[in-house]
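All of the numbers you see were taken from the coordinates with simple rules; none came from a lab. In this text the structure is predicted, and so the values were computed from the model without any measurement. For neighbour counting, all protein chains shown are included, and Cβ atoms are generated from backbone atoms with ideal geometry for every residue, glycine included.
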Amino acid sequence: MSDSPNRSLPSAAPFWMSALMIPLVALAAIKGGMWWALLPLYAWYLTTVLDGILGTNDENPDPQTETARLFWHRAITIIWFPLQFAAIFGSIWYVRATGHLSGWEQLGLFFGIGVLSGSIGIVYAHELLHQKTALERWLGDLLLASVLYSHFRTEHLLVHHSWVSTPRDAVSARYNEGFYRFFIRVLADGPRSAWRAETRMLARARRSPWDRRNPFWRYAALQLGMLALALILGGWAGLGLFAFQAFIAVWQLELTNYVEHYGLSRKHLGDGRYEHILPRHSWNASHKASNWLLINLQRHSDHHYKPDRRFPLLQTYGTDQAPQLPRGYPTMTFIAMVPPMWRRRMNPRVRAWRKQFYPEITDWTDYNRGTLPMPRNAL
C-alpha cells in the first residue's frame, strides 16, 4: 500500500464529473447530427488526455473515515438513477414524438446514451449494490434493469467476489483469451451461473428455485417494466433503441471486467482449495481523472480485498503488492478490443506477475485453460 503521509479525504467535486454528460445527452437529442459523439469523446478521450496531464494519485485516505463525512461523495451515486432514467426514456419519447432525427442519428444518440449507462450507470450500480442500505441496493437494481443486466447483482456478489481468479468465476479473463471470445463466453455463462448460485442458496435453505425469495423474480419484473415503458413511449422503434443502448452498456461493462483480472490466478492449493483473495489478484490503476469518472473503480485491488469499503476510501497499492496497469481503463479497454495489441501489451506483464508472486509454479497450463478443479463449496 502507498506509504503517503497524506490521509485527508479527497474532495467530492471531481467525482461529479459524470453529471456533465446529462446536458450532452439533451444537446445530442435536440440537435442531432454528430453531437452524440460528445458523449464518448468526453467519457473516453477527454478522460484519457486528462490522465496524461494530471498523472496518478497515490495518496490514501483514512479508511476509518465516518460515513457521515461522505455525504457529497455518495450523493452522485444516489441521484444517478433518476438522471439516467430521464436520459434514456426522455430521449426515447422526444425523438420518436418529434421525428426530427434520422434513423442513423437516433442510433448515434443511443450509442452515446449507452456510453453513459455503461461507463457511469453500471459503475454506480456496482457501488450501490455493495452497500447495506435498502435504498442504495434498490437504486443499484434499478440501474441494472435499465440495461437489462439484472443478474449481474447475483453473479457479482455471490460468485465473482467469492471466486474471482478461479475457474468458478466467468468474468476472470484467462491468459491469452481475446476479448471477443471472453465476451461471448460471459454472455452465455453469466446468467446461468447467477441462476445456479441463487438456486443453490435456496436449496441450502430447503426452498424451491421458484420460491418468492429468489431475486430473479424481481429482476424479471424490473426489466419487463423497463421494456414496457420503452414500448409505450416509443413503439417498436423505441424498444429497439432501448435494447441498443443496453447492449452498448453491457459491452462496456464486460470490457472493464476483462481488463480488471486478465491473466491473474489465485494459487490452487490442491483438492479444490484456493488461496485467499489478495490485492495481487486484480489489476490496479491510480490514474487521477479516470478514477474521478469511475469513482475509484480502478483501485480494484483494494475493492476485492475490502469489498464493503466505500469508493472515496479505497486504497491504492504499490508494485510490491498489486500489478499495475500502464494506463487507465478508458485506454486499456480500447486496447482490449484489438486482441493482438492487447497481448503484446499485457502478456509480458502477466508473465512478470507470475515470476514475482508465484516463482514456484512452473506449469501454468491448467490455469491458462481454466481446467483446474472447481473451488470446494462454491455456489
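Compute the long axis of helix 134-145 from its Cα atoms, compare it with the longest principal axis of the Cα atoms of the chain, and write down the angle in degrees, 0 to 90, nearest 10.
Roughly 70 degrees between the two axes.
Distance between the C-alpha centers of the range 183-232 and the range 73-95? Whole Å please.
A separation of 24 Å, based on Cα centres.
Could you give the length gained by full extension between Glu275 and Leu227, i.e. 0.36 nm per residue of separation minus their alpha carbon distance, to one decimal place?
Details: separation 48, 0.36 × 48 = 17.28 nm, distance 4.24 nm.
Result for the pair: 13.0 nm of gain on full extension.
I'd like the Karplus ³J(HN,Hα) series for the range 362-379: coefficients 6.51, -1.76, 1.60, θ = phi - 60°, whole numbers in Hz, and an x wherever there's a Gly or Pro.
Running phi through 6.51 cos²θ - 1.76 cosθ + 1.60 with θ = phi - 60° gives 9, 10, 9, 4, 5, 5, 5, 8, x, 9, 5, x, 5, x, 5, 6, 6, 5 Hz.
In nm, to one decimal, how far is the modelled label at Leu157 from the one at Asp308, with both set 7 Å along Cα→Cβ?
1.3 nm
Please say if the range 104-222 is rounded, prolate or oblate, where rounded means a/c under 1.5 for a ≥ b ≥ c the square roots of the C-alpha gyration tensor eigenvalues, and otherwise the choice is prolate for a/b larger than b/c and oblate otherwise? Could the numbers behind the result be given before it?
Details: a/c = 1.86, a/b = 1.23, b/c = 1.51.
Note, shape of the range 104-222 comes out oblate.
Counting only helical runs of four or more DSSP H residues, what would the 222 nm mean residue ellipticity of the chain come to if each run contributes -39,500 (n - 2.57) and the total is spread over all its residues?
Values: 13 runs with 197 residues, N = 379.
Helix-only estimate at 222 nm: -17000 deg cm²/dmol.
Please state the shape class of the range 292-379: rounded when a/c is under 1.5, otherwise prolate if a/b exceeds b/c and oblate if not, all from the C-alpha gyration tensor. Intermediate values should be presented prior to the final figure.
Numbers: a/c = 1.67, a/b = 1.20, b/c = 1.39.
Oblate, because a/c is 1.5 or more while a/b does not exceed b/c.
Straight-line reach from Lys355: which aspartates and glutamates have a Cα under 15 Å away, not including same-chain ones fewer than 8 places off?
List returned: Asp320, Asp363.
With each pseudo-label sitting 7 Å past Cα toward Cβ, what's the Asp320-Phe334 distance in nm, one decimal?
Taking the two extended label points, one gets 3.5 nm.
In nm, to one decimal, how far is the modelled label at Arg351 from the one at Asn377, with both set 7 Å along Cα→Cβ?
So the two model labels end up 3.8 nm from each other.
Distance cut-off 25 Å, Cα to Cα: go down the list Lys132/Lys306; Lys267/Lys306; Lys132/Lys267 and report the pairs above it.
Numbers: Lys132/Lys306 14 Å; Lys267/Lys306 20 Å; Lys132/Lys267 31 Å.
Going by Cα-Cα distance, Lys132/Lys267 fall outside the 25 Å limit.
Compute the signed sum of charges (Lys and Arg +1, Asp and Glu -1) over the other residues within less than 11 Å, Cβ to Cβ, of Asp189. Write down the numbers at each step before the final one.
Details: positive: Arg168, Arg185, Arg192, Arg196; negative: Glu155, Asp169.
Net of charged neighbours comes to +2.
Select from Met34, Pro348, His151 the residue farthest towards the positive end of the dipole of the chain; place +1 on Cβ of Lys and Arg, -1 on Cβ of Asp and Glu, and compute about the Cα centre.
Among Met34, Pro348, His151, the one farthest towards the positive end of the dipole of the chain is His151.
Classify the range 178-263 as rounded, prolate or oblate from the Cα gyration tensor: take a ≥ b ≥ c as the square roots of its eigenvalues, call it rounded if a/c is under 1.5, otherwise prolate when a/b beats b/c and oblate if not. Don't skip to the answer; put the middle values down first.
Working: a/c = 3.26, a/b = 1.10, b/c = 2.95.
Here the range 178-263 falls in the oblate category.
Counting Lys and Arg as +1 and Asp and Glu as -1, what is the net charge of the other residues whose Cβ lies under 14 Å from the Cβ of Arg273? Could you put the intermediate results ahead of the total?
Details: positive: Arg168, Arg266, Lys267, Arg376; negative: Asp271, Glu275.
Here the charged neighbours net out to +2.
Give the calculated FRET efficiency between Ala188 and Ala13 to the nearest 0.05, with a Förster radius of 35 Å applied to their Cβ-Cβ distance. Write down the numbers at each step before the final one.
On the way: r = 41 Å, r/R0 = 1.19.
About 0.25, to the nearest 0.05.
If you place +1 on the Cβ of every Lys and Arg and -1 on the Cβ of every Asp and Glu, how big does the dipole about the Cα centre of the chain come out, in debye to the nearest 20? Intermediate results must be reported in sequence, preceding the final value.
Details: 40 positive and 26 negative charges, 166 e Å.
Computed about the Cα centre, the dipole is about 800 debye.
Which value, in Å to one decimal place, does the Kirkwood hydrodynamic radius take for the chain when every pair of different Cα atoms is included?
Details: mean 1/r = 0.0465 Å⁻¹.
The answer is 21.5 Å.
Determine ³J(HN,Hα), in whole Hz, for all residues of the range 79-89 in sequence, where each value follows from phi through the Karplus function 6.51 cos²θ - 1.76 cosθ + 1.60 and θ = phi - 60°; x replaces Gly and Pro.
Running phi through 6.51 cos²θ - 1.76 cosθ + 1.60 with θ = phi - 60° gives 8, 5, 4, x, 5, 5, 4, 5, 5, 6, 7 Hz.
Search the structure for amide H atoms under 5 Å from the amide H of Arg174, placed 1.01 Å from N in the peptide plane, and list their residues when 5 or more places away or on another chain.
Residues meeting the amide H criterion: Gly263.
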